[in-house]
Amino acid sequence: MVMSAEREHPKKAFGWAARDSSGIFSPFKFSRRETGEKDVMFKVLYCGICHSDLHMAKNDWGISTYPLVPGHEIVGVVTDVGSKVQKFNVGDKVGVGSMVGSCTSCENCTNNLENYCPEWIITFGAKYYDGTPTYGGYSDIMVANEHFVVRIPETLPLDGAAPLLCAGITTYSPLRYFGLDKPGMHVGVVGLGGLGHVAVKFAKAMGVKVTVISTSPNKKDEAIEHLCADSFLVSHDEDQMQAAMGTLDGIIDTVSAVHPLLPLIGLLKSHGKLVMVGAQEKPLELPVFPLLVGRKIVAGSGIGGMKETQEMIDFAAKHSITADIEVIPMDYVNIAMERLLKGDVRYRFVIDIGNTLKSTL
């Protein structure tokens with residue numbers, strides 16, 4: 001374990017922040033905490049833009065506090081480690097995802113499910129143990145407890161790996177937990193966006209047959225030719241949906257917009273599982289009778305624990321899985337948010353923090 005020679009207490013930082021619910025971003029100077037004995041500090045090189053960044057910037061969920069520095073798909077290179085850090089050295093490639101803290105002692109934490117800890121601390125827009133606000137990856141440096149830091153394998157490009165820390169684990173975890181990872185199984189993926197395209201890649205790498213389900217017929221070629229999905233269904237085409245009824249072992253539903261569940265439940269075999277990973281702003285209608293007659297399950301899943309997140313990253317490296325991205329400069333973030341709102345991205349924006357942030361301040 002190597003520690004850097006100098007430390008500032010606290011460390012000056014800069015990034016871009018939303019100041020109110022308009023969701024408009026502008027340059028922002030702030031401070032990171034000093035590197036504690038179990039902390040890792042790293043220079044941020046890339047940060048993905050998740051749809052939740054937009055929701056939080058606009059306070060769509062009513063929980064945002066300002067100034068807000070979003071970003072929970074953060075990757076970079078270690079510049080400093082605390083005296084009791086055991087897993088990382090200066091120069092290592094690392095990442096931080098959606099959480100930076102948990103109680104460490106509850107049943108979920110002791111079972112490597114920190115993401116379900118009642119006291120988990122999200123990477124931005126929350127309060128840390130010391131009462132200071134958490135700031136995300138739209139910034140030049142990051143400090144986190146080593147337990148919540150992931151090692152990025154050398155074979156993974158950092159820009160394409162960044163979205164895996166949210167979109168990747170959000171889809172990898174339910175495939176594993178709900179047993180939808182067995183070769184020869186048939187799994188549907190609803191929505192071909194930031195989450196959906198990564199879900200297809202992971203499922204295919206697991207040996208699973210994949211059907212993409214989308215409202216957009218023009219995504220068929222992309223799904224089959226580029227992402228190697230086995231088939232494609234247009235969700236509002238009644239003939240296609242009827243022909244596919246009872247054919248899927250499970251479905252990963254990545255759509256965050258309100259949409260009907262009944263047609264999806266109909267696609268499931270008996271004992272099939274519909275797993276929701278998209279966060280809708282309004283409640284969905286859930287018909288119960290179709291669940292009873294086939295002993296079907298509708299479930300939810302949110303990211304994954306730290307052990308599983310590292311497992312996911314290692315699996316991605318082994319199978320050369322990265323997100324399909326559009327790399328943008330920091331000062332493009334407001335336009336990127338407008339495009340994200342329209343679904344105009346294939347499939348994830350990633351901010352080139354390392355090369356463009358300094359020039360904007």
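Rounded to the nearest whole Å², what accessible area per residue is found for the range 93-208 with the 1.4 Å probe?
32 Å²
With 19 Å as the limit, write out which pairs from Lys12/Lys358; Lys43/Lys127; Lys182/Lys220 have Cα-Cα distances beyond it, or answer none. If you can, show how the numbers build up before the last one.
On the way: Lys12/Lys358 13 Å; Lys43/Lys127 22 Å; Lys182/Lys220 25 Å.
Listed pairs above 19 Å: Lys43/Lys127; Lys182/Lys220.
How much accessible area per residue does the range 237-330 have, counting only protein heavy atoms and a probe of 1.4 Å, in square angstrom?
50 Å²
Enumerate by residue number the chymotrypsin sites (Phe, Trp or Tyr not before Pro) in the range 34-106 meeting two conditions: DSSP loop (anything except H, G, I, E, B), and at most 14 other Cβ atoms within 10 Å of the site's Cβ.
Here the chymotrypsin sites (Phe, Trp or Tyr not before Pro) that fit, given the DSSP loop and packing criteria, are Trp61.
Using only the C-alpha atoms of the range 321-361, find the volume of their convex hull and express it per residue in Å³.
Expressed per residue, the convex hull around the Cα atoms of the range 321-361 is 54 Å³.
Principal axis lengths of the range 164-263 from Cα atoms, whole Å, largest first?
Largest first, the range 164-263 extends 34, 27, 25 Å along its Cα principal axes.
How would Tyr177, Tyr66, Tyr128 line up by accessible area, probe 1.4 Å, largest first?
Tyr177, Tyr66, Tyr128
Under 16 Å Cα to Cα from Lys273, which aspartates and glutamates show up? Leave out anything in the same chain fewer than 8 places away.
Within the straight-line cut-off, Lys273 pairs with Asp181, Asp249, Asp253.
Tell me, rounded to the nearest percent, the portion of alpha carbon pairs in the range 85-228 spaced more than 19 Å apart.
Values: 6373 of 10296 pairs.
Here the tail beyond 19 Å accounts for 62 percent of pairs.
Which whole-number value in Å³ per residue fits the convex hull of the alpha carbons of the range 246-361? Present the calculation step by step, with values, prior to reporting the outcome.
Details: hull volume 18.9 nm³, N = 116.
Spelled out: Cα convex hull of the range 246-361, divided by residues, is 163 Å³.
In the chain, carbon and sulfur make up what percent of the accessible area (probe 1.4 Å)? Write down the numbers at each step before the final one.
Details: 8280 of 15700 Å².
The nonpolar share, carbon plus sulfur, comes to 53 percent.
Please say if the range 192-234 is rounded, prolate or oblate, where rounded means a/c under 1.5 for a ≥ b ≥ c the square roots of the C-alpha gyration tensor eigenvalues, and otherwise the choice is prolate for a/b larger than b/c and oblate otherwise?
On the way: a/c = 1.87, a/b = 1.51, b/c = 1.24.
Prolate shape, in that a/c is at least 1.5 and a/b is the bigger ratio.
Shape call for the range 210-252 from the C-alpha gyration tensor, a ≥ b ≥ c root eigenvalues: rounded (a/c under 1.5), prolate (a/b greater than b/c) or oblate?
In terms of gyration-tensor shape, oblate.
So which residue, out of Val208, Val90, Val288, gets the largest mean-square fluctuation from a GNM of the chain using Cα contacts under 10 Å as springs?
In this elastic network of the chain, the residue with the biggest mean-square fluctuation among Val208, Val90, Val288 is Val288.
Hey, what does the equivalent ellipsoid look like for the range 39-79, semi-axes from the Cα gyration tensor as sqrt of 5 times each eigenvalue, largest first, whole Å?
Taking √(5λ) for each Cα gyration eigenvalue gives 24, 11, 7 Å.
Using the Cα gyration tensor of the range 165-204, with a ≥ b ≥ c the square roots of its eigenvalues, what is the shape: rounded (a/c below 1.5), prolate (a/b larger than b/c) or oblate (neither)?
It comes out oblate by the Cα gyration axes.
For the chain, give the share of DSSP beta bridges that are antiparallel, in percent and rounded to the nearest 5; count only bridges with both residues there.
Numbers: 34 of 60 bridges.
Rounded to the nearest five, the antiparallel share is 55 percent.
Sort 237-247, 162-172 by the packing proxy (mean of other Cβ within 10 Å over each peptide's residues), most packed first.
Details: 237-247: 12.8, 162-172: 30.0.
Final packing ranking: 162-172, 237-247.
For the chain, taking Cα atoms only, what is the radius of gyration to one decimal and the Dmax to the nearest whole Å?
Just the Cα atoms of the chain yield Rg and Dmax of 20.4, 67 Å.
On the Cα set of the range 53-154, report Rg and Dmax in Å, please.
For the range 53-154, the Cα radius of gyration and maximum Cα-Cα distance read 14.1, 40 Å.
Mind telling me which of Thr65, Thr134, Thr155 comes out most flexible in a GNM of the chain, alpha-carbon contacts under 10 Å?
Sorting by GNM fluctuation, first place goes to Thr155.
If you keep only loop residues by DSSP, which trypsin sites (Lys or Arg not before Pro) in the range 153-235 have at most 11 other Cβ atoms within 10 Å of their Cβ?
Hits after loop and neighbour filter: nothing returned.
Grab the beta carbon distance between Asp130 and Cys228, set R0 = 41 Å, and tell me the FRET efficiency rounded to 0.05.
Taking R0 as 41 Å, the efficiency between Asp130 and Cys228 is 0.30.
The values are calculated or read from the model by the stated rules, or taken from the named source; none is laboratory data. Just so we're clear, the structure is a prediction, and the values are computed from it rather than from any experiment. Neighbour counts run over all protein chains shown; Cβ positions are idealised from the backbone, glycine included. Calculation scope for accessible area: heavy atoms of the full protein, side chains included, ligands and nucleic acids excluded. Shrake-Rupley method; radii C 1.70, N 1.55, O 1.52, S 1.80 Å.
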